[in-house]
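Worksheet: the structure to be examined is printed underneath.
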Ligand SMILES: Cc1ncc(C[n+]2csc(CCOP(=O)(O)OP(=O)(O)O)c2C)c(N)n1
Ligand SMILES: [Mg+2]
């Protein structure tokens, strides 16, 4: 390229006459005129037909859809119940610990126990689970330990270590980002002949507005990847109500444009969650591709321990959802089946509480922070500025120790 042809940015851009273009050659911007309303055709909102809405156990604990009631052994029903109680107990205990200064900021899941345990129930050990951050109950079911989760939320990297034999991905605080990783795992599984595992990932109603979730849906649909998408619609993305995340009535409808089947599920009905997820997992395992489940539930507690929901939602709404409590509803069902009575409810609660307390003791035995490590895992080599900060910080600690 000769020197002359290189565009010299210091020169003023040549004016139109210099280029030999008459101003009359420059197309005029078309005047924007609104299209005339057409009487014959109006642009329709494409009808999605009926979005299936699955509820098996209503808020009174009665079977509202007998044709879909799963045939689970009594021992299995009680195992599911216990897992829901344990989830609630861990949540409540961690909140107390956080208020007493013994736990970091965390995201309680109270009210979402049926969504959690129901979605995870159909997965086998070889399947993969890619949870969001509000998934303790499901993580416990998969084999994470109580002390591990406590360590994690108290800021210890050891807490993030995935227990041996557990096929889970660590969650990401960057909302929606893990959905892409989960989709990648599912696409990878599809390319292996010896593997018929499936991936289940959950994400919130707010995360559903993230572009990466849309991209993941498209990849999964085109690839017919073995993945189940569970959108936990708990009503809010921090203070943003779901009505402001979508102009549509349902989030489940979004899958239509991708060619992904979807269903709305009563997320406070553990039986409905089990049935819907079992179906979706089977489809994925048979090579029929992804499914979206919109689990309609409610975040009874705080977004995180740094949140005060009273600022953005009213008590009546919370009271309404209390009457839809997933645990109370399942208790009535089990009582009606003569699998549970008040004494067994109390006993289960006490046992789960003990299990959490024992986990807390193990956590206390391991949660010893060494403030001198603060700079150790950031970079392989610290920059001169950070070296200065480290020196200053360690000297401060030395002085503090000398004083004591
Ligand atoms: C990419 C990104 N943007 C913003 C945030 C801040 N943030 C943390 S949680 C949250 C709301 C998420 O709501 P939702 O997906 O409904 O999940 P929920 O917390 O209700 O379980 C936001 C906006 C974030 N973590 N990541
Ligand atoms: Mg939400």
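Values quoted throughout were computed directly from the atomic coordinates according to the rules given, and no laboratory measurement underlies them. Given the structure is predicted, the values throughout are model-derived calculations rather than measurements. No Cβ is skipped: glycine too gets one built from the backbone with ideal geometry, and neighbour counts run over all protein chains shown.
Kindly provide the helix-only [θ] at 222 nm of the chain, computed as the sum of -39,500 (n - 2.57) over DSSP H runs of four or more divided by all residues, to the nearest 500 deg cm²/dmol? Provide the component values of the computation, followed by the final result.
Working: 11 runs with 156 residues, N = 404.
Helix contribution divided over all residues of the chain: -12500 deg cm²/dmol.
Let me check against my output: what whole-number percent is the relative contact order of the chain, with C-alpha pairs under 8 Å and at least 6 apart? Don't skip to the end; give the middle numbers.
Working: 586 pairs, mean separation 85.3, N = 404.
The normalised contact order for the chain reaches 21 percent.
Would you mind calculating the gained length between residue 342 and residue 379 on full extension (0.36 nm times residue separation, minus the Cα-Cα distance), in nm to one decimal?
7.8 nm
Label points 7 Å out from Cα along the Cβ direction at residue 82 and residue 124: separation in nm?
Taking the two extended label points, one gets 2.3 nm.
Taking square-rooted eigenvalues a ≥ b ≥ c of the alpha carbon gyration tensor, is the stretch 53-366 rounded, prolate or oblate, where a/c under 1.5 means rounded and, failing that, a/b exceeding b/c means prolate? Walk me through the intermediate numbers first.
Values: a/c = 1.29, a/b = 1.19, b/c = 1.09.
It is rounded, given that a/c, with a ≥ b ≥ c, falls under 1.5.
Among rounded, prolate and oblate, which fits the stretch 139-249 when a ≥ b ≥ c are the square roots of the eigenvalues of its C-alpha gyration tensor, a/c under 1.5 means rounded, and a/b larger than b/c means prolate?
Working: a/c = 2.36, a/b = 1.08, b/c = 2.19.
Taking the square roots of the gyration eigenvalues as a ≥ b ≥ c, the stretch 139-249 is oblate.
Pairwise over distinct Cα atoms, reciprocal of the mean inverse distance: report the Kirkwood radius of the stretch 248-404 in Å, one decimal place.
Numbers: mean 1/r = 0.0456 Å⁻¹.
So the Kirkwood estimate lands at 21.9 Å.
Could you compute Rg(Cα) / (2.2 N^0.38 Å) for the stretch 187-228, with N its residue count?
On the way: Rg = 11.6 Å, N = 42, 2.2 N^0.38 = 9.1 Å.
Here the Cα radius of gyration is 1.28 times the empirical estimate.
Between the stretch 349-368 and the stretch 230-269, how many Å separate their Cα centres?
Between the Cα centres of the stretch 349-368 and the stretch 230-269 lies a distance of 35 Å.
Give me 171, 160 sorted ascending by neighbouring Cβ count inside 10 Å, so fewest comes first.
160, 171
Among 296, 174, which comes first, second and so on when ranked by fewest other beta-carbon atoms within 10 Å? Provide the component values of the computation, followed by the final result.
On the way: 296 26, 174 11.
Sorted ascending by nearby Cβ count, the order is 174, 296.
Within 10 Å of each residue's Cβ, count the other Cβ atoms and sort 178, 404 from fewest upward.
Details: 178 25, 404 4.
By the 10 Å Cβ count, ascending: 404, 178.
In nm, give the distance between the simple-model label positions of residue 157 and residue 218, each being 7 Å from the Cα along the Cα-to-Cβ direction.
Placing both labels 7 Å beyond Cα along the Cβ direction yields 3.6 nm.
If R₀ is 30 angstrom, what is the calculated FRET efficiency for the pair residue 195 and residue 69, using the beta carbon separation as r and rounding to 0.05?
Working: r = 32 Å, r/R0 = 1.08.
About 0.40, to the nearest 0.05.
Given labels modelled 7 Å from the Cα in the Cβ direction, how far is it in nm from residue 164 to residue 311?
Distance between label points: 4.6 nm.
Of all DSSP beta bridges located in the chain, what percent are antiparallel, nearest 5? Before the final figure, lay out the partial values.
Details: 3 of 26 bridges.
Taking every DSSP beta bridge within the chain, about 10 percent pair in antiparallel fashion.
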